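Some notes on the structure that comes next.
Read-outs throughout are calculated quantities, based only on the coordinates presented, and are distinct from any laboratory measurement. Note that the structure is predicted; figures quoted are calculated from it, not measured. Cβ atoms come from the backbone with ideal geometry, glycine included; neighbour counts cover every protein chain shown.
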Amino acid sequence: MDIYQLSDLMGRRKESGESYLEFLRVPSLSMGVYTLPAGAEDLQEPHTEDEVYYVVHGKARMRIGSDYREISAGSIIFVAANVEHCFCDITEDLTVLVFFAPAEYTHQGGE
């Protein structure tokens, strides 16, 4: 059994200097924490796996395909594999838990 504390994950993510920290990987699932500061541009590309985002903190809009929705702490967002999406108009620093199923890059043959 693995138990994670968000504060520990945020510290590890900050130490890495990266905006995304994967903290769990098994064949059927991977999880990470993603942060974007207010005003940032989210440059992610579509993923080859289904994805769920849980917004822990922050405010922004989410673009999925051509649809835009307001998101904030507590929002849960599903994005199907291969669908273009990004966070935009980030007005408050964003912290998001990310869940991929199966594990991220599974359908690309790994990274």
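Please enumerate the residues belonging to the stretch 18-37 that are assigned to a loop (DSSP other than H, G, I, E, B) and without any contact (Cβ under 8 Å) to a residue 40 or more places away in the chain.
GLU18, SER19
Hey, any hits in the stretch 20-27 for a residue that's under 20 Å from GLY74 (Cβ atoms) and either touching a strand residue (DSSP E or B) at 6+ places or on another chain (Cβ under 7 Å) or β-branched (Val, Ile, Thr) (or both)?
No, the conditions are met nowhere in the stretch 20-27.
Write out, first by first residue and then by second, each pair whose Cβ atoms fall under 6 Å of each other, whose residues are 6+ apart or on separate chains, and whose first residue, in the stretch 51-77, is under 9 Å from VAL96 (Cβ atoms) while the second is surrounded by 11 or more Cβ atoms within 10 Å (Cβ to Cβ) and among the acidic types (Asp, Glu).
GLY58/GLU92; GLY58/ASP93
Based on what the data block shows, is GLU15 acidic (Asp, Glu), without any contact (Cβ under 8 Å) to a residue 24 or more places away in the chain, at negative phi and not in a strand (DSSP E or B)?
Yes; evaluated as a whole, the condition is true for this residue.
Looking only at the stretch 38-70, how many residues end up being under 14 Å from VAL83 (Cβ atoms) and in a loop (DSSP other than H, G, I, E, B)?
8
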